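> Below you will find the structure I want to go over with you.
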Amino acid sequence: MAWFRKEKQPLIGQKRELAADVWEKCDGCGSALFVRRLEENARVCPECGYHFRISASDYVDLLFDDGFELEFGRDLRSSDPLGFVDSKPYKQRIKTAEARVGTHDAMLAGAGRIDGRLVCGGIMDFEFIGGSMGSVVGEKIARLLDGAVERSAPALIVSASGGARMQEGIFSLMQLAKSSAGLHRLAEAGLPYISILTHPTTGGVTASFAMLGDVNIAEPGALIGFAGPRVIKETIRQDLPDGFQTAEFLHEHGMVDRIVPRHALKETVSGLLAHMC
């Protein structure tokens, strides 16, 4: 006679959760992916090629030989010029984002080498308040572009953003003109600028520096646009084409020069700079 009896629970209808530290579900094909294998593959699904979002520091490691040799505006912090409060104070949002992401704002900017060539680059991080562009992002772009002119170096920006940062109001919108003016100074110096658009690149970032590259490159499947598809549809009262605002749609219609998988970004950028410099 058994001293105990274990009641068996039916498996039908039960949902098993994937261990977050071991497996991750692909948003593209639904496959359960081994996290270590995914990380080794630059967070690109080996089954369908879906590009997971990665951090700004990951892009620095991916593109630059040995990271940044120096940083522009490393100690800059966002202020709160409007005393903005929605569901929480803006200052609190900044502190929370700093603690979670480990950076002071939504962009890393610096100078480093790509296959031995000095390049001044800026990398946006969507995890910091949606990659929104406020005064600090605009100032970092201005400093990296001026740094490129001073060093006679090409410039590179990787965009990932929901657009202008509403908590800074007009101060945020001013950064569209500020970044565009910096690119004009770069062009006057005869130096190239490569723009890399990742998922998502929208709003004021798209309306300024993200689409002003001498060459505009996009990662596969990236959402790129100004207003979102729902807003556009409600405004024009028409159904939108399939795949509207994807990198592939923009490439087909001449808004993006090339679509480049993450694994080939560094090689592609290096080849373009060898031709343009």
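We did not get these values from a lab; they are worked out from the coordinates using the rules stated. The model shown is predicted, which means the values in this text are computed figures rather than measured ones. When we count neighbours, we look across all protein chains shown, and the Cβ atoms used for this are built from the backbone with ideal geometry, even at glycine.
> Given a Förster distance of 41 angstrom, what is the FRET efficiency for V85 paired with D58, based on the Cβ-Cβ distance and rounded to 0.05?
Given R0 = 41 Å and the Cβ-Cβ separation, E is 0.80.
> Past the 16 angstrom mark, what percentage of all C-alpha to C-alpha distances in the range 154-226 do you count?
Of all Cα-Cα pairs in the range 154-226, 47 percent lie more than 16 Å apart.
> Fully extended, how many nm does the chain gain between C29 and K95 (0.36 nm per residue separation, minus their Cα-Cα distance)?
20.2 nm
> With 10 angstrom as the radius, rank L250, L273 by how many other C-beta atoms surround their C-beta, starting from the fewest.
With the sparsest Cβ surroundings first, the list reads L273, L250.
> Right, something else. Just to check I understand the Karplus step: with θ = phi - 60° and J = 6.51 cos²θ - 1.76 cosθ + 1.60, what whole-Hz values come out for the range 202-215, glycine and proline as x?
9, x, x, 5, 5, 6, 10, 5, 5, 9, 9, x, 4, 9
> Based on the alpha carbon coordinates of the chain, what radius of gyration and maximum Cα-Cα distance (Dmax) apply, in Å?
21.3, 90
> Grab the Cα-Cα distance for E248 and S152, subtract it from 0.36 nm times how many residues apart they are, and report the gain in nm with one decimal.
Gain in length upon complete extension: 31.2 nm.
> Looking at the chain, what % of its DSSP beta bridges pair antiparallel, to the nearest 5?
Counting DSSP beta bridges with both partners in the chain, the antiparallel share is about 50 percent.
> I'd like the antiparallel share, as a percent to the nearest 5, of DSSP beta bridges with both residues in the range 65-142.
Taking every DSSP beta bridge with both residues in the range 65-142, the antiparallel ones total about 100 percent.
> Where nothing but the Cβ of Lys and Arg (+1) and of Asp and Glu (-1) is charged, how large is the charge dipole of the chain around its Cα centre, in debye to the nearest 20?
Here the size comes out at about 920 debye.
> Sum -39500 (n - 2.57) across every DSSP H segment of at least 4 residues in the chain, then divide by the residue count to get the 222 nm mean residue ellipticity, nearest 500.
Taking each H run of at least 4 residues, the total per residue is -10000 deg cm²/dmol.
> A further question follows. For the range 103-121 and the range 217-251, what is the separation of their C-alpha centers, rounded to whole Å?
Here the two parts' Cα centres lie 29 Å apart.
> In addition: The range 235-269: which trypsin sites (Lys or Arg not before Pro) are DSSP loop and have at most 11 other beta-carbon atoms within 10 angstrom?
R237
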